[in-house]
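**Q** Structure in structure tokens, see below.
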Amino acid sequence: MIENMHWSQAQLARYWQLSEGTLERWCSEGIGPIFLKLQGQVRYRIEDISAYEEDCLRVSTSVRAPAPNDRG
């Protein structure tokens, strides 16, 4: 059985507690994780969501967290 490897905007919006409208705006403005557009529907790969979350990690509002291989 194949796991659900792609999320819809509704699923990601629920997970991040955002509105679907926010994700739609992000798509049009190039903000957020990269996405697939399949037959007019936006889908997010799980690995792209994880990569975007990793990129958003901060130690303060102005300083990014070190990359995972630089943390240890």
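**Q** Test of the criteria: in the stretch 10-72, which trypsin sites (Lys or Arg not before Pro) are in a DSSP loop and have at most 12 other Cβ atoms within 10 angstrom of their Cβ?
**A** Those that pass, being in a loop and sparsely packed, are Arg71.
**Q** Grab the Cα-Cα distance for Lys37 and Leu18, subtract it from 0.36 nm times how many residues apart they are, and report the gain in nm with one decimal. Before the final figure, lay out each step's value.
**A** Details: separation 19, 0.36 × 19 = 6.84 nm, distance 1.99 nm.
That pair, Lys37 and Leu18, stretches by 4.8 nm at full extension.
**Q** Next question. Can you give the accessible area of Val42, probe radius 1.4 Å, in Å² rounded to 10?
**A** Its heavy atoms expose roughly 20 Å² to the probe.
**Q** Based on alpha-carbon positions alone, could you give the equivalent ellipsoid semi-axes of the chain from the gyration tensor, as √(5λ), descending, whole Å?
**A** 25, 16, 11
**Q** For Ser28, what accessible surface area do you get with a 1.4 Å probe? Give it in Å², rounded to 10.
**A** 100
**Q** Right, here's the next one. In deg cm²/dmol, rounded to 500, what helix-only [θ] at 222 nm does the chain give when every DSSP H run of at least 4 residues adds -39500 (n - 2.57) and the total is split over its residues?
**A** Roughly -11000 deg cm²/dmol at 222 nm, from the helical runs in the chain.
**Q** Sticking with this one: Rounded to the nearest percent, how much of the accessible area of the chain (1.4 Å probe, protein heavy atoms only) is carbon and sulfur?
**A** The value for the chain is 52 percent carbon and sulfur by accessible area.
**Q** Say R0 is 30 Å: what FRET efficiency, to the nearest 0.05, do Gln11 and Leu57 get from their beta-carbon distance? Don't jump to the answer; show the numbers that get you there.
**A** Details: r = 22 Å, r/R0 = 0.73.
Plugging the Cβ-Cβ distance into 1/(1 + (r/R0)^6) gives 0.85.
**Q** Follow-up question, since we're still on this one. Given the protein chains as shown and a 1.4 Å probe, how many square angstrom of Glu29 are accessible, to the nearest 10?
**A** Rounded to the nearest 10, that gives 100 Å².
**Q** Per residue, how much accessible area does the stretch 12-72 show when a 1.4 Å probe rolls over the protein heavy atoms, in square angstrom?
**A** That works out to 75 Å² per residue.
The values are calculated or read from the model by the stated rules, or taken from the named source; none is laboratory data. Since we're looking at a predicted model, the values are computed, not measured. We place every Cβ from the backbone using ideal geometry, glycine too, and count neighbours over all the protein chains shown. SASA here: full protein model, heavy atoms, side chains in, ligands and nucleic acids out. Shrake-Rupley method; radii C 1.70, N 1.55, O 1.52, S 1.80 Å.
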